[in-house]
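Okay, structure first, notes after.
The values are calculated or read from the model by the stated rules, or taken from the named source; none is laboratory data. Everything numeric in this text was worked out from a predicted model, so none of it was measured. All Cβ positions, even for glycine, are placed from backbone atoms using ideal geometry, and neighbour counts span all protein chains on display. Just so you know, the surface numbers come from the protein's heavy atoms only, side chains and all, with ligands and any DNA or RNA stripped out. Shrake-Rupley method; radii C 1.70, N 1.55, O 1.52, S 1.80 Å.
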Amino acid sequence: MGQVAWKGLFLSFFDYKTEKYVIAKNKKVGILFRIVQLSILAYLVGWVFVVKKGYQDTDTSIQSSVITKLKGVAYTNTTELGPRLWDVVDYVIPPQGENVFFVVTNLIVTPNQRQEKCRESFGITDAVCSKNTDCPEGEPVIAGNGVKTGRCLKSGAVNTTGMCEIFAWCPLEKRQKPKIPVLGKAENFTVYIKNSIRFPKFNFSKANILNTEDDSFLKTCRYSKENHYCPIFHLGKIVSWSGNNFQELAMEGGVIGIQIEWDCNLDRDASECHPQYSFTRLDNKFTEKSVSSGYNFRYAKYYRDANGTDYRTLIKAYGIRFDIMVNGKAGKFNIIPTIINIGSGLALMGVGAFICDLVLLYFIKKSNFYRDKKFEEVK
């Protein structure tokens, strides 16, 4: 008996087994099956191949370089500096622009500062005193401008509080900003943004400048949405495209992002690979009363008088920082992703049969009848 069983098991190895198909004459389930199939087919053709270009191999590791140059002059006449002409050397920081550059639009100037003794600014908590012992000599003032000298300077009355005397760059920095931006005319300045990109997988390179031999092209063109191969931009328009007013932004400063997007379909001609620009404000837009609003920093210009004593002009610069960000991807036909996506789509077609089986066997009135026809018990 055991030999017979083993022999039967061995012979069954060479049996061919085929599926048993049951044709259900049920129009509702049949319509559901075709709807599911058509939905999957529409997803495969419309989304995977047309929208997402699933037949292409893609490269998102874009290599990019950005060079910027600003042009423009402005004339000011202030009490601290007198008549002065500003050019790119004065208002652009750093002078060699890359993907980040800063344009000065407003400033507070404190001229002729020398290292000597003077009263600390009012409002500095650590410098408030009522007697000399409150100002230990040599101790730096927290959030202040210098080190204490050991003296408490009072304005008059004996019992009033005063401010510590400090050794610092005196006179101390002015705190009141101009009522209008000193370099508000920077709105009319222009910036040249040269962007070169490369997709290493496809060895494809391109720049955002029109390929022309006309020397006057860069001198006369200005960027617009219709002329996206002109790399000359008005600063005022960049700010307005980001949804802001240049003169308001120039008072306190801010950060503007310039996004350059390259979406290249290399199955088409290279001339159809265009740069797309978008502009947005990156810093949080606070209210005018906020102490955190704007963008500013300090720098100084140093001099030496005839006696060999150093002095400086302190400048607190407000302005707009422009951040240039480059992203992109390139795609080109490749048989491997095409086969993979077609295979995935065909596999999804089986979902229709699975859903209809569930409906046929469990969710309709004659489910027991169809279940008996589909499954055959052998005892």
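In table form, for the structure just shown:
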quantity: Residues whose placed amide H lies under 5 Å from that of residue 281, excluding near-sequence neighbours; calculated: 257
quantity: Residues of type aspartates and glutamates that residue 177 reaches as a straight line, Cα spacing below 15 Å, ignoring anything fewer than 8 places off in the same chain; calculated: 80, 248, 252, 288
quantity: Between region 198-226 and region 66-99, the alpha-carbon center distance in angstrom; calculated: 26 Å
quantity: Which of 358, 85 is most accessible, then next, and so on - probe 1.4 Å; calculated: 85, 358
quantity: 18 Å Cα-Cα reach of residue 174 towards lysines, excluding residues that sit fewer than 8 places from it in its own chain; calculated: 117, 301, 316
quantity: Dipole-positive endmost among 118, 242, 101 within the chain (Cβ charges, Cα centre); calculated: 242
quantity: Listed values [x] 69; [y] 46; [z] 53, entry calculated as percent of Cα pairs over 28 Å apart; calculated: [x]
quantity: Size of charge dipole - region 206-345 - debye, nearest 20, with Cβ of Lys, Arg +1 and Asp, Glu -1, no other charges; calculated: 540 debye
quantity: Estimated dipole of region 24-160 in Debye, rounded to 20 [Cβ of Lys and Arg +1, of Asp and Glu -1, Cα centre]; calculated: 1160 debye
quantity: Normalised per residue, the volume of the convex hull around the Cα set of region 1-137 (Å³); calculated: 641 Å³
quantity: Mean Kyte hydropathy of 0.5 or more with a Cα span along the axis of at least 24 Å, helices from DSSP in the chain; calculated: 335-358
quantity: Solvent-accessible surface (1.4 angstrom probe) belonging to residue 52, in square angstrom, nearest 10; calculated: 120 Å²
quantity: Computed over region 87-220, Kirkwood Rh from alpha-carbon pairs, angstrom; calculated: 20.0 Å
quantity: Rounded to the nearest 20 debye, dipole of the chain from Cβ charges on Lys, Arg, Asp, Glu; calculated: 1380 debye
quantity: Heavy-atom accessible area per residue - the chain, 1.4 Å, Å²; calculated: 64 Å²
quantity: Over region 65-135, relative contact order from alpha-carbon pairs under 8 Å, at least 6 apart, %; calculated: 22 percent
